[in-house]
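The structure under discussion appears below in the form of structure tokens.
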Amino acid sequence: MADKINKSDEEWKKILTPEQYYITREKGTEKPFTGKLLHNKEKGMYVCADCGNELFSSDTKFDSGSGWPSFWAPVSNDKIEIKIDKSFGMIREEVMCKRCGAHLGHVFDDGPKPTNQRYCINSVSLNFEKDKE
Ligand SMILES: [Zn+2]
């Protein structure tokens, strides 16, 4: 596992856009059906917007109809961290980047086979790196 990245809020503010800061550091949520990566169907890797950690492959992306990019599995379980989130009166499982602690989204157990999981991730939390042909 690569070294963890620890930066202060001030340092993150310098390198992130205000929207990225709000979503990944203050655990915001982008409006559904607005994300830049929602309808992306190209082959490649989705990496953490804050630190470049490889998180999700296009092979596991599916159209969940939720309005957010959805994946049925991370690249590997040691790339992400799951935390119980009790905000807004709900009990949800929060998905975070294991390397830098960025808030990515939430995971639900109503996804497709083979995992039955649905990683519901903000576009803002991700950058897309297209496969080189
Ligand atoms: Zn990260």
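The values are calculated or read from the model by the stated rules, or taken from the named source; none is laboratory data. Since this is a predicted model, take the numbers as computed values, not measurements. Using ideal geometry, Cβ is built from the backbone for each residue, glycine included, and neighbour counts are taken over all protein chains shown. To get the accessible areas, we keep the full protein, side chains included, count just its heavy atoms, and leave off ligands, DNA and RNA. Shrake-Rupley method; radii C 1.70, N 1.55, O 1.52, S 1.80 Å.
Inside the range 32-82, residues that are of a type outside the set (Val, Ile, Thr), surrounded by 13 or more Cβ atoms within 10 Å (Cβ to Cβ) and within 15 Å of the ligand (Cβ to nearest atom) make up a count of 14. You will find that of THR115, THR29, the residue that is more than 14 Å from the ligand (Cβ to nearest atom), open to solvent by 40 Å² or more (accessible area, probe 1.4 Å), within 23 Å of GLU11 (Cα to Cα) and touching a residue at least 24 places away in the same chain (Cβ under 8 Å) is THR29 and no other.
Checked against (1) charged (D, E, K, R); (2) free of Cβ contacts under 8 Å to residues at least 60 places away in the same chain; (3) over 15 Å from LYS27 (Cβ atoms), ASP78 passes all but condition (2). Only a single item in (1) under 21 Å from ASN40 (Cβ atoms); (2) within 16 Å of the ligand (Cβ to nearest atom); (3) out of contact with any Pro (no Cβ under 6 Å at 6 or more places or on another chain) is not met by ILE121, and it is number (3).
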